[in-house]
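Let me begin by presenting the structure, written as structure tokens, before commenting on it.
The values are calculated or read from the model by the stated rules, or taken from the named source; none is laboratory data. Since the structure is predicted, the reported quantities are computational estimates derived from the model, not experimental observations. Virtual Cβ from ideal backbone geometry, glycine too; neighbours counted across all protein chains shown.
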Amino acid sequence: MRPSIGDALQLDCGAPLKSQKTYVKLVGYLKDRSIIVTAPTIGGRRLELIDNDSVLVRGFSGTNAYAFRAFVIRVGRLPFDHIHLSFPDAVFGRPVRRSQRVRTELEALLHSSSPSRAEPARGQIEDLSALGALISTGSALDPDHPLRLGTALALHGNRIELEIECTIVSHSTEAGNEADVHCYGLKFTNLAPQDAMLLKAYVYQQIVDYPDSVR
């Protein structure tokens, strides 16, 4: 764990505060002594942590996701609201690959370049990485024609719309209750640097917020 000053950390505030999750900023730390973070807030209201409250901290350092348990040593008010947390005895971490996938239920529009399909097909993104996605849809798509994938990501409370060029690299069909469901593996192509950064940030956020979503 090699965090940088100003890094965003997620605090899971545990049972006393109904396991509310919020983001704080790392102010500083002294190895084996304490970690200082900004006071957690939700909707502009400060969460009232008290001494000895236990919290679960999650964050990223480089390409690694990490988590550790800590307890509140002291709550400070000056020169700004902040909290001293205990320095962790143990940190649990794992590398996050660029191709790391997370489960999602994002709505998607698939625009095919095939002349036989003028209207976009609706589907759902079943999992997503910075390199590609798995899509389920009731529409049959032509794997010989590239696609444009349109979707919206919720990133740090903001709605961000993306439209990404991609190609079909795999296809399977599952029997549904009323009609067959087509599952397509997509590979992103000609990805703009900003879109790549947004996808990576979204995947990282999902890993922090929902660790069980990792595939």
In the set E178, E174, the lone residue that is over 20 Å from P120 (Cα atoms), touching a strand residue (DSSP E or B) at 6+ places or on another chain (Cβ under 9 Å), of a type in the set (D, E) and modelled with pLDDT under 85 is E174
Whichever residue in the range 203-215 is charged (D, E, K, R) and farther than 29 Å from D144 by Cβ and, among such residues, is surrounded by the fewest Cβ atoms within 10 Å (Cβ to Cβ) = D212
Hey, A133 hits all of (1) touching a strand residue (DSSP E or B) at 6+ places or on another chain (Cβ under 9 Å); (2) in a loop (DSSP other than H, G, I, E, B) but one; which does it fall short on?
-> (2)
Residues that are modelled with pLDDT of 85 or more and assigned by TED's automatic domain parsing to the domain that holds A152: which strands (runs of 3 or more DSSP E) entirely in the range 45-129 hold 1 or more of them?
-> 102-112, 121-128
Which residues, taken from the range 165-202, are under 19 Å from E105 (Cβ atoms) and exposed (fewer than 11 other Cβ atoms within 10 Å of the Cβ)?
-> E174, N177
Considering residues that are hydrophobic (A, V, I, L, M, F, W, C) and either outside the structural domain of L109 (by TED's automatic domain parsing) or modelled with pLDDT of 90 or more (or both), the number found within the range 154-168 is 4
May I ask you to list the residues in the range 120-149 that are more than 13 Å from the chain's Cα centre (by Cα) and within 30 Å of D7 (Cα to Cα)?
-> I125, E126, L131, G132, A133
